[in-house]
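Accompanying notes for the structure given below.
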Amino acid sequence: MPESEKPRMTADDLLALAEADTRSVKSVVFEDADFSQQDLAGFRFESCEFVNVSFRSADLNAAEFERCEFFRAEPTTTCDFSFANLREARFDRCDLTTAGFERSRCFAIELENCNAQGADFSLADTTLGLSSSAGYASASFIETNLAYADFSGVDLSECKLIDCRLVHAIFNDASLVRADLSGSDLSNFEARYARLTGVDLRGSTFNNIDLRHMDLQGAKVRADQVLMLLDPLEIEIE
């Protein structure tokens, strides 16, 4: 449905639906809406547009977004999910370009076939506040554009970032212990003080992994990737 034909809803309209226990919305435009600290748990949004919308500190536990737009190029607007509860939230084929997820609670969040270029996930919590060594870190990013995304300080241990575009993505002070990065493009990614032991890099593309500065003990790679890992060491192989 063209944007001009989509009905518009306000924050009050959506909250009224929640009070009526109706939690499914399709083909609606929300513009300049403020859902900060609101209970939107379990809502399902399909083909909706969110223009300059704030979900800051909102409860979006188990919410689903399918084919939704959160970014507009002209004039440039994006959406704010900082400090929100996004546990078990799912985004499918959504445009989340430059969206802010700082310090959000993201245990078991899923993004699949999304555009999240430049999204800020810094200090997001994927662990329910528990130690990742106990196996409680969970997040899944599948076939998603995460170029220039910021995961600084995020525990992504054993999480999935499969077949993603992670060009220039930032993982400073992050944990990627036993994370699955198979098939992803990691060209020029940044990972100062990141933990990479046991990471799965099979089928991934990278050009700046330096074994002198990154601990890849236990990492999984394919035979054809070994030369790329040895290249910064200037080892001559005959």
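What to note about this one:
- ALA33 vs. criteria of a type in the set (Gly, Ala, Ser) and touching a helix residue (DSSP H, G or I) at 6+ places or on another chain (Cβ under 7 Å): yes
- Pairs with Cβ under 8 Å, 6+ apart, first in the stretch 181-201 and more than 16 Å from ASP215 (Cα to Cα), second in a loop (DSSP other than H, G, I, E, B) and of a type in the set (Lys, Arg): SER182/ARG202; GLY183/ARG202
- Scanning the stretch 161-208 for residues that are outside any loop (DSSP other than H, G, I, E, B) and acidic (Asp, Glu) yields ASP180, ASP185, GLU190, ASP200.
- Test: residue in the stretch 213-233 that is at pLDDT below 90, in contact with a helix residue (DSSP H, G or I) (Cβ under 8 Å, 6 or more places away or on another chain) and farther than 26 Å from ALA108 by Cβ: yes
- Scanning the stretch 146-163 for residues that are under 18 Å from CYS114 (Cα atoms) and either touching a Gly at 6+ places or on another chain (Cβ under 8 Å) or touching a residue at least 24 places away in the same chain (Cβ under 8 Å) (or both) yields a total of 9.
- Candidates are the residues of the stretch 52-111 that are among the small types (Gly, Ala, Ser) and in contact with a strand residue (DSSP E or B) (Cβ under 6 Å, 6 or more places away or on another chain); the one that is nearest to SER157 (Cα to Cα) is ALA89.
The values are calculated or read from the model by the stated rules, or taken from the named source; none is laboratory data. Note that this is a predicted model, so its numbers are computed, not measured. Backbone-built Cβ (ideal geometry, glycine too); neighbour counts: all protein chains shown.
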